[in-house]
Amino acid sequence: AQSVTQLGSHVSVSEGALVLLRCNYSSSVPPYLFWYVQYPNQGLQLLLKYTSAATLVKGINGFEAEFKKSETSFHLTKPSAHMSDAAEYFCAVTTRGRALTFGSGTRLQVQP
Amino acid sequence: KAGVTQTPRYLIKTRGQQVTLSCSPISGHRSVSWYQQTPGQGLQFLFEYFSETQRNKGNFPGRFSGRQFSNSRSEMNVSTLELGDSALYLCASSPERTGNEKLFFGSGTQLSVL
């Protein structure tokens, strides 16, 4: 079985501050992990994915995430938040041949 | 290249009716997946089609069904609609079977059941 837990349904940061969105996963076999972003009235867009190569994964728009097997975590970070980063972020896990399982999402608010 | 296209964008139905949603994947993509998104349950996997065959199925009742055509376009059908079926239905495509493949999502069909 596979599952994802996103800690914090809402996160608020100031513009220019560090963004940290937390994701913990559960999987009985080595997982593939993803972060997707959803802007209002739109579908989801891939930010980055981990597929057992480098543990530090760089994505679009300055985001990155680090896979930590010992902590079963895949937290998303960005050094400096921008107003345009305000959106909902979803962590997702899968193993080969299975569909993605999404977390419940974290809504990021960026204050001016 | 055109993205994933879902029609209609909005739909209002009443309880007991049935509905068909359509998804046109990105050209060349052979896998189409469907997800239901609600505020309470989040994103839940419905099913995946690849080369006209259902490859994966989520934990939804038999009222939810789908199919894929030879041109990879997919339809999803919900019969005997219930109030709880109100949701945003998202379609996603990928070149091959899902797994470590990147999914490309459409903007969704917002279904309201009255």
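The values are calculated or read from the model by the stated rules, or taken from the named source; none is laboratory data. These numbers were taken from a predicted model, which means no experiment stands behind them. All Cβ positions, glycine included, derive from the backbone under ideal geometry; neighbour counts span all protein chains shown.
Of everything listed in (1) of a type outside the set (D, E, K, R); (2) surrounded by fewer than 22 Cβ atoms within 10 Å (Cβ to Cβ); (3) within 14 Å of another protein chain (Cβ to nearest Cβ), the single unmet condition for B:THR80 is (3).
For the stretch B:100-113, the condition holds for at least one residue, the condition being that it is buried (at least 20 other Cβ atoms within 10 Å of the Cβ) and more than 13 Å from chain A (Cβ to nearest Cβ). With respect to B:LEU83, determine if the residue is within 20 Å of A:VAL4 (Cα to Cα), touching a residue at least 12 places away in the same chain (Cβ under 8 Å) and over 10 Å from the mean Cα position of the chain (by Cα). Here the answer is no, as B:LEU83 does not meet what is asked.
For the structure I just gave you, tell me whether A:SER9 is surrounded by fewer than 19 Cβ atoms within 10 Å (Cβ to Cβ), under 22 Å from B:THR38 (Cβ atoms) and either acidic (Asp, Glu) or within 12 Å of another protein chain (Cβ to nearest Cβ) (or both). Give the steps one after another, and end with the answer.
Values: surrounded by fewer than 19 Cβ atoms within 10 Å (Cβ to Cβ): yes; under 22 Å from B:THR38 (Cβ atoms): yes; either acidic (Asp, Glu) or within 12 Å of another protein chain (Cβ to nearest Cβ) (or both): yes.
When the stated conditions are applied, A:SER9 passes them.
Return the only residue of A:THR106, A:THR101 being surrounded by 20 or more Cβ atoms within 10 Å (Cβ to Cβ) and modelled with pLDDT under 95.
Working: A:THR106 fails: modelled with pLDDT under 95.
Going through A:THR106, A:THR101 in turn, just one is surrounded by 20 or more Cβ atoms within 10 Å (Cβ to Cβ) and modelled with pLDDT under 95: A:THR101.
Residues in the stretch A:55-98 that are aliphatic (A, V, I, L, M), out of contact with any Ser or Thr (no Cβ under 6 Å at 6 or more places or on another chain) and within 14 Å of chain B (Cβ to nearest Cβ): A:VAL57, A:ILE60, A:ALA87, A:ALA92. Applying the condition of being within 11 Å of B:VAL4 (Cα to Cα) and among the hydroxyl-bearing types (Ser, Thr, Tyr) to the stretch B:86-105 and asking which residue is nearest to the chain's Cα centre (by Cα) yields B:SER93.
When the stretch A:12-50 is filtered for residues that are within 20 Å of A:SER84 (Cβ to Cβ), in a loop (DSSP other than H, G, I, E, B) and within 14 Å of chain B (Cβ to nearest Cβ), the ones remaining, listed by number, are A:TYR39, A:PRO40, A:ASN41, A:GLN42, A:GLY43. For the stretch B:5-46, residues that are touching a Leu at 6+ places or on another chain (Cβ under 9 Å) and assigned to a loop (DSSP other than H, G, I, E, B) total 6. Just a yes or no: is a residue in the stretch B:15-24 touching a Phe, Trp or Tyr at 6+ places or on another chain (Cβ under 9 Å) and either at positive phi or within 13 Å of chain A (Cβ to nearest Cβ) (or both)? Taking every residue of the stretch B:15-24 in turn, at least one turns out to be touching a Phe, Trp or Tyr at 6+ places or on another chain (Cβ under 9 Å) and either at positive phi or within 13 Å of chain A (Cβ to nearest Cβ) (or both).
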